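First up is the structure itself, then whatever we jot down about it.
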Amino acid sequence: MSEYLLLIWMFFKIGLFTIGGGYAMLPLINSELVAHGLMTQMEVADIIAISEITPGPFAINAATFAGVKLLGIPGGVAATGAIVLPSLIITTLLARYFYKFEDNIIVRRALWGLRPAVTGLIAAAAAVMAAPAFFGVGISQIKPDGIFLNMDYCSIAIAVLAGIAIIKFKVSPILIILIAGALGVLLFGVLGL
Amino acid sequence: MAKDVSLSRIFLTALKLGAFTFGGGYAMIPLFEDAFVRKYGWITRDDMLNMIALSQSVPGAIAINCGILIGYKLKKLRGALVAAAGIVLPSLVFLTIVTFAYEAVSDDIYVAGALRGVRAAVVALLFFAFFSFLKPLYKDWLAMTAFFTAFALSLVFGISSIIIIFGAVAFGITAGILRIKKERGGS
């Protein structure tokens, strides 16, 4: 029972402090789930990829994935309900005072400060996530002297190609994930690099 | 001609959007507009734009928030509940299946290879996401200070995101008040 309460509490917090949707949730997943050892950084990266190629909002997909993985189907339902609950309470309340909220100068100022900070948090999450993807270990375990030894050049090449594909050719994330997956099968699975 | 508003139609529309929209919340918003503004005529365009703006500035998933606002506007609390349920349900069912599949095959050499490739691409997606968020901010030194402070506190000092978000709200309000005072003093 208590593990369900813990799961619900964690996802309630994640839902409550994710403002701006999507990737803004990542830093919270890192500090709630990864820091407490409930998920690995690799799994977080996998959920992002799975969310990009499956329908539905990222937040919901991530909650269902983590809940099912930790506590089976009831866990998935509990985590998903918990992440939606703050939205349901706060947004419904605001819907009644809709226009008042829009004009509220303090709220606008607070949001102004929030945007760059959340962007900073996403940047930090990207750096944290780059470590296991490019070096195979967590960011704290990277040793400066052996840095070139552990580098995964194939993964770095895939990331660079993906970056060029998004920026230069505006390829959709779905296609990028699928092609990167196919390259992964070829390079790591078939060729065993 | 607007069709009659009913709870079941709100639910079914939300369900359809939840089941067929790839790419998360941002991708879902235009489809909401298409269904509720153009097809059914239940919501005016102006209301829709306000709802989109509001759903990005309150906690939670953008698509869910937008659905809740639409549902509430149409049928109060019951409307909000069925809209949220409709958007969530397809993800819940689909991701439950995907998670079991993931657990079963993630050790397979080819699946593991695919995931390794995909993780690299995800890093690129993330960097692109934060660069596009950063773009409108980089000329504002105060915003850039907030950006680097949050980045460093999180990455170097390992401070919890929740604490940083509280700090950012306090910072936003303080900086906002100071700016208003300055504008008034200068004029």
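The values are calculated or read from the model by the stated rules, or taken from the named source; none is laboratory data. Computed from a prediction, not measured in an experiment: that's the story for all the values here. Please note: Cβ atoms are built from the backbone with ideal geometry, for glycine as well, and neighbour counts cover all protein chains shown.
One residue is enough: does segment A:21-39 have a residue meeting the conditions closer than 25 Å to residue B:151 by Cα, facing chain B (nearest Cβ under 7 Å) and in contact with a Leu (Cβ under 6 Å, 6 or more places away or on another chain)? Looking for residues that are closer than 25 Å to residue B:151 by Cα, facing chain B (nearest Cβ under 7 Å) and in contact with a Leu (Cβ under 6 Å, 6 or more places away or on another chain), one finds at least one in segment A:21-39, hence yes. The selection criterion, being of a type outside the set (Val, Ile, Thr) and more than 30 Å from residue A:193 (Cα to Cα), does not hold for residue B:129.
Conditions tested, residue by residue: (1) farther than 26 Å from residue B:20 by Cα; (2) modelled with pLDDT under 90; (3) touching a Cys at 6+ places or on another chain (Cβ under 9 Å); (4) not in a helix (DSSP H, G or I).
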position: A:156; (1), (2), (3), (4): yes, no, no, no
position: A:159; (1), (2), (3), (4): yes, no, no, no
position: A:162; (1), (2), (3), (4): no, no, no, no
position: A:171; (1), (2), (3), (4): no, yes, no, yes
position: A:177; (1), (2), (3), (4): no, yes, no, no
position: A:180; (1), (2), (3), (4): no, no, no, no
position: A:183; (1), (2), (3), (4): yes, no, yes, no
position: A:189; (1), (2), (3), (4): yes, yes, no, no
position: A:192; (1), (2), (3), (4): yes, yes, no, yes
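Put simply, of A:108, A:115, A:96 the only residue that is in contact (Cβ under 8 Å) with a residue 60 or more places away in the chain, basic (Lys, Arg) and at negative phi is A:115.
Given the criteria outside the structural domain of residue B:165 (by TED's automatic domain parsing) and buried (at least 24 other Cβ atoms within 10 Å of the Cβ), does residue B:19 qualify? It is false that residue B:19 is outside the structural domain of residue B:165 (by TED's automatic domain parsing) and buried (at least 24 other Cβ atoms within 10 Å of the Cβ). Is it the case, given these coordinates, that residue A:125 is under 25 Å from residue B:118 (Cβ atoms), in contact with a Pro (Cβ under 6 Å, 6 or more places away or on another chain) and of a type in the set (Gly, Ala, Ser)? Yes: the conditions hold for residue A:125. Can you confirm whether residue B:83 is within 21 Å of residue A:49 (Cβ to Cβ) and in a helix (DSSP H, G or I)? So residue B:83 fails the test.
Regarding residue A:95, is this residue buried (at least 21 other Cβ atoms within 10 Å of the Cβ), closer than 18 Å to residue B:60 by Cα, at pLDDT below 85 and at the interface with chain B (Cβ under 7 Å from one of its Cβ atoms)?
yes
Taking the conditions exactly as written (under 25 Å from residue B:131 (Cα atoms) and more than 8 Å from chain B (Cβ to nearest Cβ)), does residue A:79 satisfy them or not? When the stated conditions are applied, residue A:79 does not pass them. Within segment A:160-183, residues that are of a type in the set (A, V, I, L, M, F, W, C) reach partners that are outside any helix (DSSP H, G or I) with beta carbons closer than 6 Å, at six or more positions or on different chains, in the pairs A:165/A:171; A:174/B:22.
Could you go through segment B:172-181 and let me know if any residue there is within 25 Å of residue A:131 (Cα to Cα), in contact with a helix residue (DSSP H, G or I) (Cβ under 6 Å, 6 or more places away or on another chain), hydrophobic (A, V, I, L, M, F, W, C) and facing chain A (nearest Cβ under 7 Å).
Among the residues of segment B:172-181, not one is within 25 Å of residue A:131 (Cα to Cα), in contact with a helix residue (DSSP H, G or I) (Cβ under 6 Å, 6 or more places away or on another chain), hydrophobic (A, V, I, L, M, F, W, C) and facing chain A (nearest Cβ under 7 Å), which makes the answer no.
Of the residues examined, residue A:107 is one that is surrounded by 14 or more Cβ atoms within 10 Å (Cβ to Cβ), modelled with pLDDT under 90 and more than 7 Å from chain B (Cβ to nearest Cβ).
Restricting attention to segment B:29-65, the residues that are touching a residue at least 40 places away in the same chain (Cβ under 8 Å) and crowded, with 18+ Cβ neighbours inside 10 Å total 2. Within segment A:56-75, residues that are more than 9 Å from chain B (Cβ to nearest Cβ) have Cβ atoms under 6 Å from residues that are buried (at least 19 other Cβ atoms within 10 Å of the Cβ) and not hydrophobic (A, V, I, L, M, F, W, C) in these pairs: A:75/A:67, counting only partners at least 6 apart in sequence or on another chain.
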